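Remarks on the structure that follows.
The values are calculated or read from the model by the stated rules, or taken from the named source; none is laboratory data. Remember, it's a predicted structure, so these values are computed and weren't measured experimentally. Here Cβ is always computed from backbone atoms with ideal geometry, including for glycine, and neighbour counts include all displayed protein chains.
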Amino acid sequence: MVEENQKKMEFKKEEIEGIISIYPKLFGDERGYFLESYNHKRYSEIIESNFTFVQDNISKSSRGVLRGLHFQLPPFDQGKLVFVMQGRVIDVVVDIRKNSPTYGKHVKLTLDSKTKNQLWIPPGFAHGFCSLEDETVFCYKCTNFYAPEHEQALLWNDSDLNIDWDIQNPIVSEKDKKAMPFKTFLSPF
């Protein structure tokens, strides 16, 4: 029997194993809205992974800013629960698990502050997003601490990954412009 509070939220397994879209139930009226943005018991039952969030991050981006495709190497690899508090993004995750049947494939979807949808990204994926609105506020709940010496990135516009970001001439950091091509990447996952 489904618990009453599980009816408040929808979980959808994406086409790449491990990636889960989450659609919280909004309870609204003329005063505003309420939603449960995270419940460890429920999420751990659906995600079927032993995880604890240890760090929350927030970034703010203008329209057209593209960040990614980032990941951390083991033992500092991270699972992430990501969502948008304000604005809208195209969110992309690339499977970098070398023994996965979907290695090098990606999932792309829109996250926005109207639906409050979320995305669970387990370790073994590169992640990036492109802001579709000014003043977009993007939030990450992470299962491991940020370790800059273990951070890496794949080239956001790599032809082997063939990601359509739905935007012309994104604003990309110098660091992300110099990220490694997918064909030279040796996955530790």
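Things worth noting here:
- Reported count of residues in region 104-149, each being in a strand (DSSP E or B), among the hydrophobic types (A, V, I, L, M, F, W, C) and within 19 Å of Thr52 (Cβ to Cβ), is 6.
- For Tyr33, the conditions (1) at pLDDT below 90; (2) under 26 Å from Lys105 (Cβ atoms) all hold with the exception of (2).
- Where strands (runs of 3 or more DSSP E) fall entirely within region 18-79, those with at least 1 residues that are among the polar types (S, T, N, Q) and closer than 20 Å to Phe129 by Cβ are at 20-24, 55-61, 65-72.
- Complete set of residues in region 1-24 that are modelled with pLDDT under 90 and surrounded by 11 or more Cβ atoms within 10 Å (Cβ to Cβ): Asn5, Gln6, Lys8, Met9
- Of note, Pro188 does not satisfy the criterion of being farther than 21 Å from Lys80 by Cα, in contact (Cβ under 8 Å) with a residue 24 or more places away in the chain and more than 17 Å from the chain's Cα centre (by Cα).
- Residues satisfying the stated conditions in region 46-58, i.e. touching a residue at least 40 places away in the same chain (Cβ under 8 Å), closer than 26 Å to Glu10 by Cβ and surrounded by 12 or more Cβ atoms within 10 Å (Cβ to Cβ): Ile47, Ser49, Phe51, Phe53, Asn57
- Exclusive hit being in contact (Cβ under 8 Å) with a residue 60 or more places away in the chain, in contact with a His (Cβ under 8 Å, 6 or more places away or on another chain), buried (at least 16 other Cβ atoms within 10 Å of the Cβ) and β-branched (Val, Ile, Thr), set Val107, Val93: Val93
- Region 43-70, residues that are aliphatic (A, V, I, L, M) and farther than 27 Å from Ser173 by Cα: Ile46, Ile47
- Those residues of region 138-168 which are surrounded by fewer than 16 Cβ atoms within 10 Å (Cβ to Cβ) and either of a type in the set (Asp, Glu) or under 22 Å from Asp112 (Cβ atoms) (or both), in sequence order: Glu149, Glu151, Asp160, Asp164, Asp166, Ile167, Gln168
- Scan of region 150-169 for residues that are farther than 16 Å from His106 by Cβ and in a loop (DSSP other than H, G, I, E, B), ordered by number: Gln168, Asn169
- Whenever a residue of region 157-168 is within 15 Å of Asp95 (Cα to Cα), its partners that are surrounded by fewer than 15 Cβ atoms within 10 Å (Cβ to Cβ), lying with C-beta atoms within less than 6 angstrom and at least six residues away or across chains, give the pairs Asp158/Pro181; Asp160/Lys183.
- Selection status of Lys116, over 16 Å from Asn57 (Cβ atoms), touching a residue at least 60 places away in the same chain (Cβ under 8 Å) and touching an Asp or Glu at 6+ places or on another chain (Cβ under 9 Å): no
- Among residues of region 82-95, those that are more than 19 Å from Glu151 (Cβ to Cβ) and not in a loop (DSSP other than H, G, I, E, B), counted: 7
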